[in-house]
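For reference, the structure is listed below as C-alpha cells.
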Amino acid sequence: MKQRIDLASTALETARKSLNKQFYPEYHLATYAGWLNDPNGLIYHEGLYHAFYQHHPFSSDWGPMHWGHATSKDMVNWQHQPIALAPGDEYDRDGCFSGSAISHEGKLYLFYTGHIWLDGEGNDSQIYQSQCLAISEDGIHFEKKGVIIPSPEGYMHFRDPKVWYQDARWWMVVGARDSLDQGQILLFSSDELLHWSDEYQVLAKTDDKNVYMWECPDFFPLGEQFVTLFSPQGKKPQGHQYRNRFQNGYLVGNWSPNQPYEITNQFTEIDFGHDFYAPQTFLAEDDRRIAIAWMDMWESNMPSKVDGWAGCFTLPRELTLNDQGKVLVNPIRELTSLRQEAIEIKPSVLAKNQTIVLHSDASACEIELIWDLQQSPAEKFGLAIGNGAEFFIDGQTQQLTLSRHYPEHVISDYRCTALPQTRHLKIRAFIDKSSLEVFINDGELCFTSRIYPQEGERALTLFAINQSAKLLKGTMWQLNKSVE
C-alpha cells in the first residue's frame, strides 16, 4: 500500500503547485487536487481531531476511492496529512469506500468498505462489498487487517460502517439494499474490534418503495433518544421537498441493546440547501455531538473541476435535540476564532426596492441579521452575493429561499422551505469563495449550497423588493484563512 500512497501523494503535490484558487475555500476543508466526497473516520484521538474523506487523487472526477486525511486541534484550523488508505488489495481492489474510526488503547482503528467491481467494468449491478479494518499506532500510517464482515447473503450493496461502544460491547451500523431493492440499516456487534459476529439485525428500513438504498448511516444518542442520520437514495420530490438528486435526514426513536428501535419521529430533512450529503457525527473533546457533511451533490455541475479539484466539507456543526424531537443544527462555537473586528450594521428600514452594500468583496465572511417580520411587508427581502446568489424571505409564499443563477456554469435553481412562525427571524450566514451556509433561529433550519461568483462580483448586499423591510440588528465579520 505504501507504494500506491507515495504515487498518489506525488500527484497531489504536483497539482497543488498550479492550483487556481478562484473558487478554493478560505476556511473550509477541501483537497488541493483531485476529487473529495464523503467525510470518513471523524474522531478526536490523542489530542487531535482527524477528518478522513473519500478521495480520488489522480482526477477531479470520481474514481478509485482512497482515504484522504487532515488533522486539527480545534476543528477550525486544518493541516493536510498523507493519504491514509489506497485501494488495490484483493478485498478492496476497486475502492476503499466510506467508513468510520475508533480510538482504542492509544491506537486508531479505521473501519471501511472494501469495494470490488465483479465485471471489472464499473457495473453497479455487479459488485461485492465487505467491511474492512486498518489500524495505526501513530495516527498517520495505517496497516490493513483485511475483511472483518463479509457481505451477508442476499445483499450486494452493503457499505459505510459506523462503529461505537456501548454497554460493554462494540456496535456497527451498515447501509444496505436488500433483494427487493429497498434501503435499510443492518446492526452488528462484537466483544472486541477485530472479530465480529455474522449475526445481525435490521435496525430500520424504508417504508417508501422508491427508496432503494440507505447510505452513510449514523446512529447515536442525543439526550434520552437515539437519532438515525442517513442518506436515502431514490426518494421522489414532493412539492418543494426532496429536490436534490439524493436526500439526507434523520429519524428519532428509543433504543437499547435489548430492544428493537422504536421510531417516535419520522424522516425529517436536516438541511434544505442544494449541497449537503453523507454527514457523519463524532464526539468533540467535551462530548458535544458534531457533524460534518460533504458540501456537494451527486450529478451536479462542479465548476472547480477545470481547476483540477472538486469537493468540499461543510463547517462543523453541533447537534442537539429539542423537546419536540427536532434536531437543532448550529455552527460550532470554535468558529468565532476566525472573526476579525466586528462591523455593526445599523438598524434600518429598507425602503421599497432599496439595496444596501455591506461589503464589496464577501470572499470570506460571517453575517448575523435579525429581521422584524411583522414590520416587513416587502414581497421579497434578504441578502445577495454578487448577481448570482440570494437568500431571502418570500413574503407572498411565506417561504425561505436560497436561489442560485450562474448560467455560465449551467447552474440556475433554488431551494426553499416554510418560513418559521415567529416575529423575529435571525439569520446567521457563512460565506466562502464558493459556498453559502445559512442557519435560522439558532439552528431551527439550515441551508447549505455551493455558489460560484466571479472575481469582482462578490459584493454582499441587503435588499427589499416591492415594499419595505425592517432590520432590527446586524453584525458582520471578515474571517481569517484556516486551512494550511
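The values are calculated or read from the model by the stated rules, or taken from the named source; none is laboratory data. Computed from a prediction, not measured in an experiment: that's the story for all the values here. Every residue, glycine among them, receives a Cβ derived from its backbone with ideal geometry; neighbour counts consider all protein chains shown. Quick note on the areas: whole protein, heavy atoms, side chains included, nothing else; ligands and nucleic acids left out. Shrake-Rupley method; radii C 1.70, N 1.55, O 1.52, S 1.80 Å.
Among the conditions (1) touching a residue at least 40 places away in the same chain (Cβ under 8 Å); (2) open to solvent by 60 Å² or more (accessible area, probe 1.4 Å), ASP207 misses just one, which is (1). Each residue in region 128-174 was checked for being touching a residue at least 60 places away in the same chain (Cβ under 8 Å) and among the charged types (D, E, K, R), and 6 of them qualify. None of GLU408, GLU444, GLU390 is out of contact with any Cys (no Cβ under 7 Å at 6 or more places or on another chain), charged (D, E, K, R) and over 20 Å from LEU369 (Cα atoms) except GLU408.
Across region 42-90, the number of residues qualifying as open to solvent by 40 Å² or more (accessible area, probe 1.4 Å), farther than 23 Å from ARG4 by Cα and in a strand (DSSP E or B) comes to 2.
The strands (runs of 3 or more DSSP E) falling completely within region 312-408 that include 1 or more residues that are within 26 Å of the chain's Cα centre (by Cα) and either within 23 Å of MET297 (Cβ to Cβ) or of a type outside the set (S, T, N, Q) (or both) map to 317-321, 327-331, 365-372, 380-385, 389-394, 399-406. Within the set ASP271, ASP307, ASP323, ASP286, the sole residue that is assigned by the TED database to the domain that holds HIS80 and crowded, with 19+ Cβ neighbours inside 10 Å turns out to be ASP271. Considering the conditions (1) hydroxyl-bearing (Ser, Thr, Tyr); (2) assigned to a strand (DSSP E or B); (3) more than 17 Å from HIS157 (Cα to Cα); (4) in contact with an Asp or Glu (Cβ under 9 Å, 6 or more places away or on another chain), SER98 is excluded by exactly one of them, (3). Being crowded, with 21+ Cβ neighbours inside 10 Å and among the hydroxyl-bearing types (Ser, Thr, Tyr) is not true of SER136.
Of note, LYS162 does not satisfy the criterion of being farther than 21 Å from GLN129 by Cα, charged (D, E, K, R) and surrounded by 20 or more Cβ atoms within 10 Å (Cβ to Cβ). Examine region 301-312 for a residue that is of a type in the set (S, T, N, Q), touching a helix residue (DSSP H, G or I) at 6+ places or on another chain (Cβ under 8 Å), closer than 19 Å to GLU437 by Cα and in contact (Cβ under 8 Å) with a residue 24 or more places away in the chain, and state whether such a residue exists. Yes, some residue in region 301-312 is of a type in the set (S, T, N, Q), touching a helix residue (DSSP H, G or I) at 6+ places or on another chain (Cβ under 8 Å), closer than 19 Å to GLU437 by Cα and in contact (Cβ under 8 Å) with a residue 24 or more places away in the chain.
Counting only residues that are among the hydroxyl-bearing types (Ser, Thr, Tyr) and closer than 21 Å to SER100 by Cα, how many does region 284-315 have?
Residues in region 284-315 being among the hydroxyl-bearing types (Ser, Thr, Tyr) and closer than 21 Å to SER100 by Cα: 1 in total.
Condition check ((1) within 17 Å of GLY443 (Cα to Cα); (2) open to solvent by less than 50 Å² (accessible area, probe 1.4 Å); (3) not hydrophobic (A, V, I, L, M, F, W, C)) across all residues:
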{"residue": "LEU383", "(1), (2), (3)": "no, yes, no"}
{"residue": "GLY386", "(1), (2), (3)": "no, yes, yes"}
{"residue": "ALA389", "(1), (2), (3)": "no, yes, no"}
{"residue": "GLN396", "(1), (2), (3)": "no, no, yes"}
{"residue": "SER403", "(1), (2), (3)": "no, yes, yes"}
{"residue": "PRO407", "(1), (2), (3)": "no, no, yes"}
{"residue": "ARG415", "(1), (2), (3)": "no, yes, yes"}
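With respect to the stated conditions, GLN421 is free of Cβ contacts under 8 Å to residues at least 24 places away in the same chain and more than 26 Å from the chain's Cα centre (by Cα). Say we look at region 116-127 and pick out the residues that are in contact (Cβ under 8 Å) with a residue 24 or more places away in the chain and in a strand (DSSP E or B); which of these is nearest to TYR53 (Cα to Cα)? Only one residue tops the list, namely ILE116. Just one of the listed residues (ALA469, ALA378, ALA459, ALA429) is closer than 23 Å to GLN340 by Cα, surrounded by 20 or more Cβ atoms within 10 Å (Cβ to Cβ) and not acidic (Asp, Glu), and it is ALA429. Note on region 150-208: residues that are out of contact with any Ser or Thr (no Cβ under 6 Å at 6 or more places or on another chain), part of a strand (DSSP E or B) and either on the phi > 0 side of the Ramachandran plot or outside the structural domain of GLY99 (by the TED database) (or both) amount to 0. Scanning region 368-383 turns up no residue that is assigned by the TED database to the domain that holds LEU436, more than 17 Å from SER468 (Cα to Cα) and of a type outside the set (D, E, K, R). The number of residues in region 102-115 that are touching a residue at least 60 places away in the same chain (Cβ under 8 Å) and open to solvent by 10 Å² or more (accessible area, probe 1.4 Å) comes to 5.
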